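Readers should treat all values here as calculations from the given coordinates under stated rules, not as data from a laboratory. What you are looking at is a predicted structure, and each value in this text was computed from that prediction instead of being measured. A quick note on method: Cβ atoms are made from the backbone with ideal geometry, for glycine too, and the neighbour counts reach across all protein chains shown.
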Amino acid sequence: MAISTKNTGVKTQHKQYDEFYPKWKRCRDVMKGKDAVHAAGTEYLPALLEQEPAEYAAYVKRAGFYNASWRTVAGFKGMLFRKPPNKVIPKGIEEHLKNVNLKGDSIEQLVEDGACEILEVGRFGLLVDYPNKPAGKGQVTVAQVEKLNLRPTIQMYFAENIINWRYTTINNATVLALVVLSEVKEVQENEFEVKEKTVYRVLDLEPTSLTYRIRIFDVSDTGVQTQIGDDITPTKNGKPMTEIPFVFVSGDGTTGKVYDPPLIDLVDKNLDHYVVSADYEHGCHFTALPTAWVAGFNNKGDGTGQKLYVGSQTAWVFESPEAKAGYLEFTGTGLKALKENLDGKKQEMATLGARMLADASERQVETFGATAIKHLGENSILAAISINLSKGIEKALTWFADWAGQTGEIKYEVNRKFMPVQMDAPTLTSLMGAWQGGAISQQDFFILLQEGEIVAAEKTFEEHQAEIDNQQPIMAEPTEEPKPKEDIEE
């Protein structure tokens with residue numbers, strides 16, 4: 001075990017991490033909703049002039065939060081996964097992918113979680129790992145491997161947990177040379193208490209041999225850095241690895257470069273809406289109820305004077321004929337301006353991506369031949385996410401299968417047909433004629449039927465043909481035979 005008496009920098013953060021972390025935090029808080037935004041206090045809602053803590057607390061509590069951002073993420077996720085992925089997986093790893101991280105998550109759940117991460121903060125990471133063989137076991141058999149669950153896993157890391165990374169050039173190729181991951185481990189304090197502790201997993205290429213190694217570090221409250229255990233050098237087919245099995249996944253690529261979260265403009269507009277909402281609710285609170293006023297009424301200061309109550313069971317009787325009473329009522333247009341501001345920001349949020357906020361009566365299902373120009377913005381964002389998410393998953397699955405000793409084609413393509421379309425009758429008739437006339441093949445016709453959502457997307461051409469071959473022939477309805485002339489009544 002290596003011990004250092006000073007902090008040698010395992011907690012050092014990449015400069016892009018420092019730059020983008022505030023944006024990630026804004027996105028996380030907004031996606032969590034009202035409680036998280038309220039808990040942030042003056043970070044998102046400045047206090048009014050000379051506002052006391054109790055008054056500010058009430059000001060925050062009255063403020064509404066219209067979570068357009070999370071609704072947009074949920075809507076986009078639904079569009080991404082409205083159809084199952086197109087995948088080809090070696091049979092030898094299919095069973096492992098039902099619990100791909102040994103935490104109960106299937107590969108499908110991992111992919112959906114990854115899509116949410118990209119939509120929320122713009123990136124995440126995947127580490128393909130393999131558990132160490134227990135010490136003293138020597139050569140293990142296949143049965144022992146299964147019993148000890150010695151098989152690869154795919155672990156997801158959030159953007160906030162990937163604190164540092166570095167690339168280098170080897171043989172004229174740019175390769176990942178360092179990744180530092182923060183991990184929260186649970187430490188059992190006693191029978192009932194569990195304490196969380198942060199450790200740092202360092203993945204790098206050993207400087208001399210350029211082989212992949214893993215080191216775990218603990219950093220004390222005073223900054224003393226301690227390596228936990230020895231260096232780990234994973235092997236594949238008995239040989240050390242020459243690459244780090246970690247892939248970054250974002251809406252813009254699969255490298256370490258950090259980009260803005262795709263919905264950051266919507267998130268910021270959502271927070272602007274929250275501030276105006278707080279002012280509007282604050283104004284409504286103080287102007288909604290009329291306020292009584294009196295003039296010419298001299299109340300005694302010794303506590304024996306007349307007390308004024310408002311209600312149908314009491315009356316105000318003043319000794320002075322000059323006394324007057326009335327109500328202050330709000331008649332200005334300030335709140336109207338705030339309300340218009342709120343509505344304007346809601347429309348701006350819809351323009352920035354939250355189209356599901358629009359009135360349902362304004363939305364229509366696109367026909368098969370429609371260009372759907374109004375959805376191009378969403379489609380471009382989702383297309384990039386779908387493409388890069390697919391690339392990242394395929395890369396991780398390739399490492400996974402190789403480590404498991406499986407070969408064969410690997411494909412995992414997330415859906416790119418985001419909007420529901422309907423094939424109208426004239427289009428269907430034209431395609432049927434093209435097939436019957438030999439202009440397109442029967443399999444092409446089948447694919448077009450799937451795109452028109454007439455045939456289920458997960459059904460194969462062979463399954464479709466088998467169903468047609470096995471179905472009962474469609475018989476024409478019998479027509480009533482004409483009656484003999486002599487049976488016709490005059």
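All C-alpha pair distances within region 15-68, sorted into 10 Å bins from zero, spread as 22, 45, 26, 8 percent across the bins. Could you check how many percent of all C-alpha pairs in region 1-111 are farther apart than 16 Å? So the portion of pairs separated by more than 16 Å is 77 percent. Taking every alpha-carbon pair within region 141-288, the share separated by more than 23 Å comes to 60 percent.
Computed over region 385-438, the range of Cα coordinates on each principal axis works out to 51, 27, 11 Å, biggest value leading. Of the cross-linked pairs LYS417/LYS459; LYS25/LYS61; LYS197/LYS269; LYS269/LYS417; LYS98/LYS195, those separated by over 25 Å at the C-alpha level are LYS197/LYS269; LYS269/LYS417; LYS98/LYS195. Protection proxy ranking, highest mean first, for peptides 450-463, 72-85: 72-85, 450-463, where packing is the per-residue count of other beta-carbon atoms within 10 Å, averaged.
Extent of region 410-457 along its three principal axes (Cα atoms, max minus min coordinate, largest first): 36, 25, 13 Å.
Considering all C-alpha pairs of region 169-217, those separated by over 15 Å amount to 59%.
Among 50-59, 184-193, 259-268, sorting by the average number of other beta carbon atoms lying within 10 angstrom of each residue, highest first, gives 259-268, 50-59, 184-193.
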